[in-house]
Amino acid sequence: FRNAINSGLPVIQSPEVVEAVEDGDEIEIDFSTGKIKTPKGEFSFSPFPLKVLEILEAGGLIPYVKKKIS
């Protein structure tokens, strides 16, 4: 999980969504609230902490650190 975040890749686990989503379905994921909206309903997961969101928004840990020290 942390390696993916450090690379700027948001990762979640939600087996229920895997079962509910079909090819071609459009979904919305809100990482700060932990909500996934699909055509078959809304699902929850543990929302990301603020620091994790900041790392993702920066594009990964290295860009985040460069931004902080510059």
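Observations, loosely collected:
- Among all positions in the range 42-50, there is at least one residue which is exposed (fewer than 14 other Cβ atoms within 10 Å of the Cβ), part of a helix (DSSP H, G or I) and among the aliphatic types (A, V, I, L, M).
- Residue match in the range 11-23 (condition: among the polar types (S, T, N, Q) and open to solvent by 60 Å² or more (accessible area, probe 1.4 Å)): yes
- Cβ-Cβ under 8 Å pairs, at least 6 apart or on other chains, the range 20-46 side under 19 Å from Leu56 (Cβ atoms), far side of a type in the set (Gly, Ala, Ser) and open to solvent by 50 Å² or more (accessible area, probe 1.4 Å): Gly34/Ser44; Gly34/Ser46; Lys35/Ser44; Ile36/Ser44
- When the criteria are applied in full, Ile12 fails the requirement of being in a helix (DSSP H, G or I) and in contact (Cβ under 8 Å) with a residue 24 or more places away in the chain.
- Hits in the range 1-10 - residues which are within 14 Å of Pro49 (Cβ to Cβ) and either open to solvent by 100 Å² or more (accessible area, probe 1.4 Å) or of a type in the set (D, E, K, R) (or both): Phe1, Arg2
- Meets criteria (in a strand (DSSP E or B) and touching a Phe, Trp or Tyr at 6+ places or on another chain (Cβ under 8 Å)) for Ile36: yes
- Scanning the range 51-70 for residues that are surrounded by 15 or more Cβ atoms within 10 Å (Cβ to Cβ) and either within 12 Å of the chain's Cα centre (by Cα) or among the hydrophobic types (A, V, I, L, M, F, W, C) (or both) yields Val52, Leu53, Ile55, Leu56, Ala58, Leu61.
- Positions within the range 24-40 being open to solvent by less than 90 Å² (accessible area, probe 1.4 Å) and either out of contact with any Asp or Glu (no Cβ under 9 Å at 6 or more places or on another chain) or acidic (Asp, Glu) (or both), in sequence order: Gly24, Asp25, Ile27, Ile29, Asp30, Phe31, Ser32, Thr33, Gly34
The values are calculated or read from the model by the stated rules, or taken from the named source; none is laboratory data. None of the values given here were measured: they were computed from a predicted structure. Cβ atoms come from the backbone with ideal geometry, glycine included; neighbour counts cover every protein chain shown. Accessible surface is based on the protein model in full, side chains and every heavy atom, while ligands, DNA and RNA are left aside. Shrake-Rupley method; radii C 1.70, N 1.55, O 1.52, S 1.80 Å.
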